[in-house]
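Encoded as structure tokens, the structure appears first; notes follow it.
Please treat every number below as a calculation from the coordinates, not as lab data. Remember, predicted model here, so these are calculated numbers, not experimental data. Here the Cβ is made from the backbone with ideal geometry for all residues, glycine too, and neighbour counts use every protein chain on show.
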Amino acid sequence: MTDSHKPVVTVLTAPNEPAPPGIDTLMDQAEVRFAYDEQTLRHTLPGTDAMMVTDFRTDALEAAWPAADRLKWIHATSAGVDALMFQALIDSDVIVTNARGIFDRTIAEYVLCSILMFAKDFPESLRLQTKHQWKHRDTERIEGKRVLVVGAGSIGRQIGKLVKAIGMHPHGIARSARESDPDFDAVHGNEVLYDQLKDADFVVIAAPLTPQTEGLFNSRAFAAMKKTARLINIGRGPIVNTEALIKALDNGEIAGAALDVFEEEPLPEDHPLWTRDNVIMTPHMAGDFIGWHRALTEQFLKNFELWSQGRELFNVVNKKLGYAG
């Protein structure tokens, strides 16, 4: 029987995923329930006051939403909350928070690594190494090159800071232009994206998936880019039209792509992207560092402490925009 003095917290994880490390420390302060899919969630949602959602791809909450009779707060342990932005939740009074800040630096390091791998031709060096072939080549310098970061939020800011530190010129694309920004040479509004694409040596997608960004990188965007430019996507897969990307790579409209996210995940074994020498791919792991699961739990627990005291939460998502402002 529920202790009436304790709030009820439901933790929604992917099937077969272990409980978040450290969540047991919450059990003295709350009744903690666990759900894994729509069916189990329909049983745990009645009476639930708060949720911790660790499965960023889940559609279980939307399906089970009618069972939420007391829900006040949902915390997503991911930066992107697109899977949670269904209309009934958007229209409700339920507060949504996210994991902004946890993955920012490691994602920025991934972007820097991708830039260096392209410039120093590491993919080809690794291919030659497996063949035991000694083949000298000249490689590129990155100092002075322009990096366009599409999505100048907290992740984009860390990317700008890192690439600026090594002598590159970061420019950002945001909802509106900023007069000055310490981490970017300039931040431009969305309306000048195509003008900015033509000057960029590296284009980094760090935007959340929203109705406005879905399919943003299509044939028009690739045609606007330099033929020598490389695309790096650490945002969300559906921001890039995969068919248009493959055509742009094959037709020489852009020089290469580093992709951590895809329209379809996992990427099928027979997908044509696997065979492109000018593509670097990783399985949605750009931000995942050793210890990240516990770091996410600790962030949730800090917000839970504020919530239980009736204080203002951090990382509150603007549900109409689809990201934390």
Starting at the first residue of segment 311-325, write each ³J(HN,Hα) from the Karplus equation 6.51 cos²θ - 1.76 cosθ + 1.60 with θ = phi - 60°, in whole Hz, x for Gly and Pro. 9, 5, 7, 9, 6, 6, 7, 6, 5, 6, 8, x, 7, 6, x
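Rounded to the nearest 500 deg cm²/dmol, what is the calculated helix-only ellipticity per residue at 222 nm for the chain, with -39500 (n - 2.57) per DSSP H run of length n ≥ 4?
Numbers: 10 runs with 91 residues, N = 325.
So the calculated ellipticity at 222 nm is -8000 deg cm²/dmol.
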Taking the alpha-carbon centre of each part, the distance from segment 34-52 to segment 228-254 in Å is 38 Å
Short version: what are the Cα gyration tensor semi-axes of segment 80-162, square root of 5 times each eigenvalue, largest first, in whole Å? 39, 16, 10
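What order do you get for 255-265, 280-290, 303-313, 90-100 when each peptide is scored by the mean count of other beta carbon atoms within 10 Å, highest first?
With the highest mean Cβ count within 10 Å placed first, the list reads 255-265, 90-100, 280-290, 303-313.
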Apply the Karplus curve 6.51 cos²θ - 1.76 cosθ + 1.60, θ = phi - 60°, to the phi angles in segment 180-197 and return the couplings in whole Hz, x for Gly and Pro. 8, 8, x, 9, 10, 5, 7, 10, 9, x, 3, 5, 10, 3, 5, 5, 6, 4
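Computed over the Cα atoms of the chain, what is the ratio Rg over Rh, Rh following Kirkwood?
Working: Rg = 21.4 Å, Rh = 21.2 Å.
Ratio of gyration radius to Kirkwood radius for the chain: 1.01.
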Please identify, among ARG105, ARG137, ARG42, the residue showing maximal mean-square fluctuation in a Gaussian network model of the chain using a 10 angstrom Cα cutoff. ARG137
Over the Cα atoms of segment 104-281, what Rg and Dmax result, in angstrom? 15.8, 52
May I have the count of lysine pairs in segment 104-281 with C-alpha atoms under 16 Å apart, counting pairs 8 or more residues apart or located on different chains? 11
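Relative contact order of the chain, please, whole-number percent, based on alpha carbon pairs below 8 angstrom and at least 6 residues apart.
On the way: 602 pairs, mean separation 49.2, N = 325.
In percent, rounded to a whole number, it is 15.
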Karplus (6.51, -1.76, 1.60) ³J(HN,Hα), θ = phi - 60°, over segment 300-307, in Hz, Gly and Pro reported as x: 4, 5, 5, 5, 4, 4, 5, 4
